[in-house]
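The values are calculated or read from the model by the stated rules, or taken from the named source; none is laboratory data. Given the structure is predicted, the values throughout are model-derived calculations rather than measurements. Note that we place each Cβ from the backbone using ideal geometry, even for glycine, and neighbour counts take in every protein chain shown.
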Amino acid sequence: MAAAVLRRGEAIVWLPPRVAGERSLAGENSLLVAAGPSRDRPMMVRASLETLPPMRTVRLIVDARDVTLLRARLPALPAGRLQRALPNLLEDQILQDPQTCAWALGGSDGGAERLVAAVDRHWLDVVTQAFERRGVRVTAVWPAQALQLQQPASVAVLLCVGSSIAVLPTTGDGVGLAAGAEPYTRREALRSAWALLAAAGGGEVLGLAEDEAWRAVLRDSAAEAGVALRLGELPTPGSASVDLLAAQRAGALARWASAFDWRAWRWPLVGALTCAALAVAGLNLHWYSLAREQTELLATLDRSFAQVFPAGTTRVDPVLQMQRHVAQLRARAGQASPDDFLPLVVGLGLALGTQAQDAIGSLEYRDGRLRARFRPGIADTRAAREALELAGRRQGLRLRFDSEREPLATITVLR
């Protein structure tokens, strides 16, 4: 039998049926817990939410009567769209309102039909959130009749837990039966189980029961019905053919959107939209003022250009043309431009100070830019480069190093 090897902090919990109500979870020992190894308690115990053994993760097994397993031919749609379409595709196969159900997709048996599980969404949320509020992470939620156990294909299985029976026939999907707590009600439920197994093909039956009271009823009922019965203890299964937790995750966003009360947030939303509209209007007004300022500056530049240059001079780049004109005037007057070679070299020498004599490895001048390669030990560290940049600013120069590894800098006039 495929029994899960539970480590410390792991547990498998068999849930009570939904008809027992939410109060039974906290006020009664309605949970059958198979927890990891411990010296001070048995492997499988009855507990309530308040008396749970210590655990970090849990796999929940839902009562077979609370889950409907269906086989259906589904259209070839993406996973998200198919999940949303399931309530409309299968609404005629269940009695409950399909919009109140959580739908989980299972695998296929090689044919065209696919396994689909439906469970009440509210009950699924109640049981999962009850554990999560106590700091226990739910890793899987399995229907009892969908558990995968390692037994021969010719052997049917009866899982007898609490007041329910999960019938796992050799062919087809499992079903759940209400058994009650009294021996006579359990015998009546077992008669229905024997009839179901006989219709599915008969053969040997493996009865897995929670306690000795269930096993005694199983022995008497099997002898009365003439069924070949083999008894065993309730397993700790390791897998199932469908996981209901996937249905809860898939519908979380849709449930949140449907439960969200937009009317309660209408005034905050109106305020946020008003603030956004005012911000957009303010940005447009600021852009309009900057555009007017740009127009005025360009008009001033045109007037200055017309005063300096004679009529008929084509205006291409006023700033560059004026800079060249000023440089020509300086050259005619015998003055050097600040971005000429000699002023840049002199300023660099003053910035280097006492180490200027052996600091430069090579110099290259082009278009008002001086490129200097420093010797090792001058600008190798970040602190030395920052000190050089500060000294250059004092001399009206801007030093910009190409990279942190290369001692190569570009020197221009600080404007």
TODO: Select from region 36-69 the residues that are assigned to a strand (DSSP E or B) and at pLDDT below 85 and list them in ascending order.
DONE: 44
Task: Odd one out for residue 216 among (1) assigned to a helix (DSSP H, G or I); (2) under 30 Å from residue 57 (Cα atoms) - done: (2)
Task: Selection count, region 369-412, where residues are touching a helix residue (DSSP H, G or I) at 6+ places or on another chain (Cβ under 8 Å), in contact (Cβ under 8 Å) with a residue 24 or more places away in the chain and surrounded by fewer than 16 Cβ atoms within 10 Å (Cβ to Cβ) - done: 2
Task: Pairs where the first residue, in region 68-80, is farther than 29 Å from residue 176 by Cβ and the second is modelled with pLDDT of 85 or more, C-beta under 7 Å, 6+ apart - done: 77/85
Task: For residue 72: the one exception among (1) at pLDDT below 85; (2) surrounded by fewer than 16 Cβ atoms within 10 Å (Cβ to Cβ) - done: (1)
Task: Lone unmet requirement of (1) farther than 19 Å from residue 61 by Cα; (2) modelled with pLDDT of 85 or more for residue 243 - done: (1)
TODO: Return yes when residue 167 is buried (at least 20 other Cβ atoms within 10 Å of the Cβ), outside any loop (DSSP other than H, G, I, E, B) and of a type in the set (A, V, I, L, M, F, W, C) and no when it is not.
DONE: yes
- [ ] Name the single residue, out of those in region 133-180 being in contact with a Gly (Cβ under 6 Å, 6 or more places away or on another chain) and not polar (S, T, N, Q), that is farthest from residue 16 (Cα to Cα).
- [x] 168
Open item on the list: For region 162-196, give me the residue count where each residue is among the small types (Gly, Ala, Ser) and under 19 Å from residue 240 (Cα atoms).
Closed with: 5
